[in-house]
1. Considering only residues that are in contact (Cβ under 8 Å) with a residue 60 or more places away in the chain and of a type in the set (Ser, Thr, Tyr), look in region 129-152 and name the one that is farthest from Ile90 (Cα to Cα).
2. So which of Thr145, Thr154 ends up being of a type in the set (Val, Ile, Thr), assigned to a helix (DSSP H, G or I) and touching a helix residue (DSSP H, G or I) at 6+ places or on another chain (Cβ under 8 Å)?
3. On the given criteria, is Ser8 among the polar types (S, T, N, Q) and free of Cβ contacts under 8 Å to residues at least 40 places away in the same chain?
4. Do you know which residues across region 157-168 are closer than 12 Å to His132 by Cβ and surrounded by 13 or more Cβ atoms within 10 Å (Cβ to Cβ)?
5. Name the residues in region 1-24 that are in a helix (DSSP H, G or I), exposed (fewer than 15 other Cβ atoms within 10 Å of the Cβ) and either touching a Lys or Arg at 6+ places or on another chain (Cβ under 9 Å) or at pLDDT below 85 (or both), would you?
6. Please find, within region 171-180, the residue that is farthest from the chain's Cα centre (by Cα) out of those that are surrounded by fewer than 18 Cβ atoms within 10 Å (Cβ to Cβ) and part of a helix (DSSP H, G or I).
Amino acid sequence: MSSILIISLSAIIYAVVHSLLATLSAKARARQRLGPIAERWYRLAYNIFAGISFLPILWLMATLPDKTLYTIQQPWIWLSSAGQLIAAMIIILGIWQADAFAFLGLRQIVAPQAVPAKPELIISGLYRRVRHPLYTGGLLFLWLTPILTRNSLTLSIILSLYLIVGARFEERRLLHEFGADYAAYQQQVPMLLPRFLPPKPKTD
């Protein structure tokens, strides 16, 4: 139980800090304190911090007492592994379609003049099927793991809640940025679960 508590608290703290730093208000405060340099370096610094600050959680996962809950056996492990591969491809493709160079924060530093003053609403590719393909891929990857332990189940639950809640907060930010265009996009494309058939026309 102590392992579950430690991992839970660590993951919750990570999720809260990570979410707060992604808000428009946090970026605005950085611009006020650092000036134009914040526009160029905030995204990269945010990504680096997110990666480094997750390392202690991985260390806890590797060192705390744990118990295996289930292991997927052959031949089903091939299905779960294939599913995780597809999930990873969804994440990579989603980042690529959203401009991977800017997503990582490199375009803002190397070629800030190429960064548009107003962000573009991406609705093509994977984004035609689901509004947040990165979160969809992340959820698939988490829950298709072939070996589930007590600690990994705890982390998966918290990270799943974080992704779902994070998607909701991101929706608010996108509505603020794109207004009616994003509201119309919300009506046409589901948030996390892709829809492969066209929506039924509304009837009076």
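1. Per the stated criteria, the residue is Thr149.
2. Details: Thr145 fails: assigned to a helix (DSSP H, G or I).
Just one listed residue meets the conditions, Thr154.
3. Working: among the polar types (S, T, N, Q): yes; free of Cβ contacts under 8 Å to residues at least 40 places away in the same chain: no.
Judged against the criteria, Ser8 is not a match.
4. Of everything in region 157-168, those that are closer than 12 Å to His132 by Cβ and surrounded by 13 or more Cβ atoms within 10 Å (Cβ to Cβ) turn out to be Leu163, Ile164, Gly166, Ala167.
5. Leu24
6. Here is the first cut: in region 171-180, the ones surrounded by fewer than 18 Cβ atoms within 10 Å (Cβ to Cβ) are 171-173, 175-180.
From what's left, part of a helix (DSSP H, G or I): 171-173, 175-178, 180.
Values: Glu171: 13, Arg172: 15, Arg173: 14, Leu175: 18, His176: 19, Glu177: 19, Phe178: 20, Ala180: 24 Å.
In this case the residue turns out to be Ala180.
Listed here are the residues, each with its yes/no results for (1) over 25 Å from Leu161 (Cβ atoms); (2) without any contact (Cβ under 8 Å) to a residue 60 or more places away in the chain.
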{"site": "Leu21", "(1), (2)": "no, yes"}
{"site": "Gln32", "(1), (2)": "yes, yes"}
{"site": "Glu39", "(1), (2)": "yes, no"}
{"site": "Ala50", "(1), (2)": "no, yes"}
{"site": "Ala62", "(1), (2)": "no, yes"}
{"site": "Thr68", "(1), (2)": "no, no"}
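The values are calculated or read from the model by the stated rules, or taken from the named source; none is laboratory data. The structure displayed is predicted, hence computed values, not measured ones. Backbone-built Cβ (ideal geometry, glycine too); neighbour counts: all protein chains shown.
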